[in-house]
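Novice: Shown below is the structure under consideration.
Just so it is clear, none of the values below were taken in a lab; they were calculated from the coordinates. Because the structure is predicted, anything quoted here is derived from the model rather than measured. Cβ coordinates were reconstructed from backbone atoms using ideal geometry, including for glycine residues, and neighbour counts include every protein chain displayed.
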Amino acid sequence: MEKQIETAKPVKPAIMTAKNVDVFYGKNQAIDNVTLDIPENQITALIGPSGCGKSTFLRCFNRMNDTIDICKVSGDIRFAGQDIYDPKVDVVALRARIGMVFQKANPFPKSIYDNVAYGPRIHDLAESKDELTEIVIKSLKRAGLYDEVADRLDDSGTSLSGGQQQRLCIARAIAVDPQIILMDEPCSALDPIATAIIEELMESMKERYTIVIVTHSMAQAARVSQKTGFFHLGKLIEHGDTDKIFTNPDNELTQNYISGRIG
Amino acid sequence: MRDLTLNTSAQMQKRHRKETRFKWYGRIAILLSLAFLVFMFAAILLRGMSAFQQTKIGLDISFNEQVIDPAGTRDPGDMARANYKPLISAGLAEVFPEVTERREKNQLYKLISNGGMFELGQMVVENPELIGTKQTIWLSASSEADLFMKGKIDAKVEEELRRFKDRDIAWFNTLKDQGKIKKKFNTTFFKSGDSREPEMAGILGAAFGSFFSLLVCFVISFPLGILTAVYLEEFAKKNRITDLIEVNINNLAAVPSIVFGLLGLSIFLNFFNLPRSTPLVGGIVLALMTLPTIIIASRSILRSVPQNIRDAALGLGASKTQTTFHHVVPLAMPGMLTGTILGMARALGETAPLLMIGMVAFIVDIPKGITDVATSLPVQIFLWADSPEKGFVERTSAAIIVLLVFLVLMNLFAVYLRRRMERRW
Amino acid sequence: MNSHFDASVDLNLRHAKRSTQLKELAIKSVLIASSLVAILTTIGIVLSLSFEAFRFFGKIPFFDFLFGLDWSPQTAIRSDQVGSSGAFGVVPLLTGTMLISFIAMVVATPLGLYSAVYLAEYAKPKTRNWVKPMLELLAGIPTVVYGFFAALVVAPIIRSMGSGVGFEISSESAMAAGLVMGIMLIPFISSLSDDVINAVPQALRDASYGMGATQAETITKVVLPAATPGIMGSLLLAISRAIGETMIVVMAAGLAAKLSLNPFEAVTTMTVQIVTLLTGDQEFDSAKTLAAFAIALYLLVLTLGLNIIALKIVDNYKKKYA
Ligand SMILES: Nc1ncnc2c1ncn2[C@@H]1O[C@H](COP(=O)(O)OP(=O)(O)O)[C@@H](O)[C@H]1O
Ligand SMILES: [Mg+2]
């Protein structure tokens, strides 16, 4: 494992670093001593069999695990050099910088407009109504949804199709202009066409944003990501360039998983 | 370049303060609600506890045969009806020989409750040996004396404004100095029916009224409730009629209780001519009122009986009714009983419908059956709360305490049943 | 011989089958008959109220009752007396009922909703486990107890507070009855709202937290708006309770049928008048007695209407997140 850290030399500087992270749910350890860097403006995929702790690890980055009482996180996680568990850190600020998209699209039962405007409103990002509308439209465009909903921004967000809903959630996350977007199996509930649209979108988003995506689909990881981390039973078994992980993994477990023998 | 700092900003701090405030609103709301609960219980306990004690005045009474039973027949009826007033007057005269004037004597006599005569009569009937002897007898003090003893009459208030005069106070203190006044456990309160005199009033009549009403209520609502639940859960096909019954039951549960009273009045009293003011009609009305609650509770219990128990019985060749009544209903019975008891607890506290069917009357006698005129505990509370005599305030509170104790007991019993019989599927 | 034997077995079996069938049929009939009691009760209520109310409207015109501004039911001193019919306008009773219900809801809504929000969103399971039953206790206390408390403790407090600021308040007032009724209604609102809030999917909360919203923002901007229909339902149910509540108002609100919205005056309500008209001496055919049934019918229509709407709203809401 130590060796891997040396070999995985990120081309870009790491915007987020995790060192020796342990996560416990009560007495159950879900993450065991994981160390991983997230390079800026790239897509990092976290793969591994179900229940291996991918989501748990992802949720450490924006401290979403704080919302679960029994969940205890330890280790050193830094965003742009700042320890995110430092008492001086405001989770509100942290989550504004690090957005999240969930497995199941979860638009609020509000209008499309209000969904996207939610973040800018709570964070006071717009000075005027016009500015807010501008942000909403810009975000919808960046999420590749604007053309489909331009004439019905007042319709309920829940009236959209599954794929559209997920893109609405991406637009909602983008609206506060975060540095990083965490995506937890964003396409697992979508059909192949909707999935393809979102994968394309991610490709275009990586210029502005750093993306960490959890996926159970190795094909998806191979298609979209530049870096990949493979988790197994709470441990990070191997990580590095996606090309390498998928063509020439160092670890036998990784090899087995990639070739479909486990998971 | 984006702002990447994670430190808090003024805007965020404002939001966190709002968060703290919001959380406190929730806490305050709960605290206020519970504080009110405590306040109400405390106010009632504080007012009511004193009613569980009663002031007694000890007098040396000569049980003069000439007065009690001049014929010497020892007939209980005659002995109970005899005029014991002179005996009490004589007892008082021994302590206060200086009181000779008639008006004053009458005033002095008022220290003792009107019920004192009955107390003596009761004693003699129970123990005729007393006749011819002289004993120290502890008689109930009048309501005023009782209130004074309990510190509920302020001697500093202008004499005109209180019913317990300075002279009464002097006499009272004389008796007290001689050790002839003490507070005893108030048995009258638990052993008597209603009375115009607070010190003679008790809740036994009302308690029996409640008991008989609940008995009728249980006998009607329990079988009807569970049978309906069984039908709807186990037999009825999903159709318009079943839907209608369901909607009907849900809405019946929300009909104001007073409306059930009017139903009782016009159908059971005026149409069927059932006896007015009786636990029979009261029980029927309460049964119809609690029926929806019992049905709804029982249905959810039946629903929680696992399907595989039905499948197993049906698979062994049992018919639908056999399956239901041999397997499903016995399993659900404790739960359904629990639901019924909770429904009955609510019925016990119900007042308004009983007012409509005339169970609101001054009734001294203790009802002996479901067709005797009666009140109920909550109605008695209502009646006493309405009485002008000050002595009834503490008794009203005490009756509330008793009612609440019964409610707590019923609820505890329900909880006990649920715990004991709880099945884990 | 053999065939005869077979036949008798066959016969016996068929006999047994028929008797079980009969038994099943009998049991089923009993079950259906039991279920009909609930229906019969409803029919009984509707018919008896309508019948007597109809007779009332034979004496007092329907519109005089519904829109009359004057309520003073007179008693005929002798039965042959005429012109002692009094005034039977229900409007003052309705305003009295609404005034007290309004006060009650002003008390119960914030307390009930904030309690529900705290219990559902903030409280630890342990706290929740003992606070919730305590709150529900409020709904289990007989209303006659609340009435006594309102009349004996709350009314004097309000009165002395009034005279403290040089303000005359009658010993029976809409305020005392309404305040205490409000407390009684808290659990009706908090319990149902708590359920409704819990039914809001966690995913919506996660989405909001993930955006950097605080918990309060998440609750006020996401959870409560999503739960609004259910909460509305719970409020309507509480209002329906308030309108039909009898003992608290009988004991604490008074008898004065004044067309007034002053909460510090004695007012009367529909339920109070039903009780007043039907307790004490009554002769059955007088307009005075029959009026009680007309009021009760009105009351039934109001409460059932509210209840049906409320159940419908809650039902639709539950389906949405089921
Ligand atoms: N909220 C929770 N409470 C308790 N245990 C949890 C919770 N969430 C996840 N876990 C446990 O943590 C482990 C990792 O789960 P998760 O991170 O969801 O895995 P993945 O996303 O890789 O499928 C699992 O064993 C799971 O049971
Ligand atoms: Mg996961």
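Novice: Could you give me the ³J(HN,Hα) list for the range B:125-137, computed from phi with Karplus coefficients 6.51, -1.76, 1.60 and θ = phi - 60°, whole Hz, x at Gly and Pro?
Specialist: With the stated coefficients, the range B:125-137 comes to 4, 6, 9, x, 3, 4, 4, x, 9, 10, 9, 7, 10 Hz.
Novice: Could you tell me whether the range C:188-322 comes out rounded, prolate or oblate from its Cα gyration tensor? Rule is a ≥ b ≥ c as square roots of the eigenvalues, rounded for a/c under 1.5, then prolate if a/b exceeds b/c, otherwise oblate.
Specialist: Taking the square roots of the gyration eigenvalues as a ≥ b ≥ c, the range C:188-322 is prolate.
Novice: Calculate the spin-label point distance for residue A:32 paired with residue B:184, positioning each point 7 Å from the Cα along the beta-carbon direction, and give it in nanometres.
Specialist: Result: 7.9 nm between the two label points.
Novice: For chain B, set up a Gaussian network in which alpha carbons nearer than 10 Å are linked by springs, and say which option among B:123, B:12, B:149 fluctuates the most.
Specialist: Among B:123, B:12, B:149, the largest mean-square fluctuation in the Gaussian network model of chain B belongs to B:12.
Novice: With a 10 Å Cβ neighbour count serving as the proxy for reagent exposure, in which order, fewest first, do C:130, C:71 appear?
Specialist: In order of increasing Cβ crowding within 10 Å: C:130, C:71.
Novice: Here's a follow-up. One-quarter of the Cα convex hull surface for chain B, in nm²?
Specialist: Working: hull surface 153.6 nm².
Mean projected area for chain B: 38.4 nm², to one decimal.
Novice: Give, in nm to one decimal, the length gained when the segment between residue B:45 and residue B:191 is fully stretched (0.36 nm per residue of separation minus the Cα-Cα distance).
Specialist: In short, 50.5 nm is gained.
Novice: By counting other Cβ atoms within 10 Å of each Cβ, how are B:226, B:296 ranked from fewest to most?
Specialist: Details: B:226 25, B:296 18.
The most exposed by this proxy come first: B:296, B:226.
Novice: Then there's this: Taking every eigenvalue of the Cα gyration tensor of the range B:74-135, multiplying by 5 and rooting it, what semi-axes result, largest first, whole Å?
Specialist: Details: eigenvalues 117, 30, 15 Å².
So the three semi-axes of the range B:74-135 are 24, 12, 9 Å.
Novice: If you project the alpha carbons of chain A onto their three principal axes, what span does each projection cover, largest first, in Å?
Specialist: For chain A, the Cα extents along the three principal axes come out at 53, 43, 35 Å.
Novice: Hey, another quick one. Cut-off under 17 Å on the C-alpha distance; same-chain residues fewer than 8 positions from residue C:288 excluded. Which aspartates and glutamates are left, in chain and number order?
Specialist: C:52, C:64, C:70, C:80
Novice: If you don't mind, another one. Taking chain C as a Gaussian network, where each spring joins two C-alpha atoms under 10 Å apart, which residue of C:123, C:310, C:252 fluctuates the most?
Specialist: Residue with maximal mean-square fluctuation among C:123, C:310, C:252: C:123.
Novice: Which order, highest average first, do C:131-138, B:66-73 follow once you tally other Cβ atoms within 10 Å for each residue and take the mean per peptide? Could you put the intermediate results ahead of the total?
Specialist: On the way: C:131-138: 17.9, B:66-73: 12.9.
The packing order, highest mean first, is C:131-138, B:66-73.
Novice: Moving on to the next point. For the pair residue A:207 and residue A:128, how long in nm is the line joining their label points, each one 7 Å along Cα→Cβ?
Specialist: The answer from the label model is 2.8 nm.
Novice: How many nm separate the modelled label positions at residue B:250 and residue B:419, each set 7 Å beyond the Cα in the direction of the Cβ?
Specialist: Modelled inter-label distance: 3.4 nm.
Novice: Any idea what the relative contact order of chain B is, in percent, if you count C-alpha pairs under 8 Å spaced at least 6 apart?
Specialist: Here the relative contact order equals 19 percent.
Novice: So, one more: Can you tell me what percent of all Cα-Cα pairs in chain C are more than 39 Å apart?
Specialist: 34
Novice: When averaged across all projection directions, what area in nm² does the alpha-carbon convex hull of the range C:98-224 cover?
Specialist: So the Cα hull casts an average projection of 9.8 nm².
Novice: How much FRET efficiency would the formula 1/(1 + (r/R0)^6) give for residue C:285 and residue B:362, where r is the Cβ-Cβ distance and R0 is 25 Å, rounded to 0.05?
Specialist: It comes to 0.40.
Novice: How well do other chains shield peptide C:144-156, expressed as the mean number of their Cβ atoms within 10 Å of each residue Cβ?
Specialist: That works out to 6 on average.
Novice: log₁₀ I(q)/I(0) of the range B:253-311 at q = 0.23 Å⁻¹, via Debye over equal Cα point scatterers, no solvent, to two decimals?
Specialist: -0.88
Novice: Exactly which trypsin sites (Lys or Arg not before Pro) in the range B:128-158 are in a DSSP loop and have at most 14 other Cβ atoms within 10 Å?
Specialist: Details: sites: B:134, B:150, B:152, B:156; in loops: B:150, B:152, B:156.
Counting only loop positions with at most 14 other Cβ atoms within 10 Å, the trypsin sites (Lys or Arg not before Pro) in the range B:128-158 are B:156.
Novice: On average, how many beta carbons from a partner chain sit within 10 Å of the beta carbon of a residue in C:232-241?
Specialist: 1
Novice: If r is the Cβ-Cβ distance from residue C:87 to residue B:93 and R0 is 60 Å, what FRET efficiency results, to the nearest 0.05?
Specialist: Result of the calculation: an efficiency of 0.50.
Novice: Assign one of three labels to the range A:121-184, namely rounded, prolate or oblate, based on the Cα gyration tensor with a ≥ b ≥ c the square roots of its eigenvalues; rounded applies when a/c is under 1.5, prolate when it is not and a/b is larger than b/c, and oblate otherwise.
Specialist: oblate
Novice: Could I get the Rg over Rh figure for the range B:50-186? Both from C-alpha atoms, Rh via Kirkwood, rounded to two places.
Specialist: On the way: Rg = 15.7 Å, Rh = 15.7 Å.
Taking Rh as the inverse mean 1/r over Cα pairs, Rg/Rh reads 1.00.
Novice: Taking the highest mean first, how do the peptides B:40-52, C:178-190, B:200-212 order by number of other beta carbon atoms within 10 angstrom per residue?
Specialist: C:178-190, B:200-212, B:40-52
Novice: Let me ask another. Among A:213, A:38, A:122, which one shows the highest mean-square fluctuation when chain A is modelled as a Gaussian network with alpha-carbon springs under 10 Å?
Specialist: A:122
Novice: Pick out, in residue order, every one of the trypsin sites (Lys or Arg not before Pro) in the range B:326-419 that is DSSP loop and has at most 16 other C-beta atoms within 10 Å; say none if there are none.
Specialist: B:368, B:390
Novice: On average, how much area does the Cα convex hull of the protein assembly as shown cover when viewed from any direction, in nm²?
Specialist: Projected area, direction-averaged: 64.5 nm².
Novice: Give the dimensionless ratio obtained when the Cα radius of gyration of the range B:273-425 is divided by 2.2 N^0.38 Å. Working shown, then result.
Specialist: Working: Rg = 20.5 Å, N = 153, 2.2 N^0.38 = 14.9 Å.
Normalised by 2.2 N^0.38 Å, the Cα Rg of the range B:273-425 equals 1.37.
Novice: Please list, in order along the range B:259-265, the HN-Hα scalar couplings obtained from phi with the Karplus expression 6.51 cos²θ - 1.76 cosθ + 1.60 (θ = phi - 60°), rounded to whole Hz, x for Gly and Pro.
Specialist: These are the phi-based 3J(HN,Hα) values: 5, 4, x, 5, 4, x, 4 Hz.
Novice: From Cα coordinates alone, what are the radius of gyration and Dmax values for the range A:165-206 in angstrom?
Specialist: Both quantities, over Cα of the range A:165-206: 10.2, 29 Å.
Novice: Using a ≥ b ≥ c from the Cα gyration tensor of the range C:26-68 (square roots of the eigenvalues), is it rounded, prolate or oblate, where a/c under 1.5 gives rounded and otherwise the larger of a/b and b/c decides, a/b for prolate? Could the numbers behind the result be given before it?
Specialist: Working: a/c = 8.97, a/b = 4.53, b/c = 1.98.
In terms of gyration-tensor shape, prolate.
Novice: Same structure again: Which peptide among B:405-411, C:169-175 comes first, and what is the full order, when sorted by highest mean count of other Cβ atoms within 10 Å?
Specialist: C:169-175, B:405-411
Novice: Same structure again: Working out 0.36 nm times the residue gap between residue B:14 and residue B:316, then minus their Cα-Cα distance, what length gain in nm do you get to one decimal?
Specialist: Details: separation 302, 0.36 × 302 = 108.72 nm, distance 6.90 nm.
Taking residue B:14 through residue B:316 to full extension adds about 101.8 nm, to one decimal.
Novice: Kindly put B:327, B:16 in sequence by how many other C-beta atoms sit within 10 Å of each C-beta, fewest to most.
Specialist: B:16, B:327
Novice: Once you average over the residues of C:287-297, how many Cβ atoms of partner chains fall within 10 Å of each Cβ?
Specialist: Mean partner shielding for this stretch: 2.
Novice: 5 Å is the cut-off here: which amide hydrogens, built 1.01 Å from N in the peptide plane, fall below it relative to residue A:30, excluding neighbours closer than 5 in sequence?
Specialist: Residues meeting the amide H criterion: A:23, A:24, A:25.
Novice: How much length is gained on full extension from residue B:163 to residue B:371, taking 0.36 nm per residue of separation minus their Cα-Cα distance?
Specialist: Additional length available on full extension: 70.9 nm.
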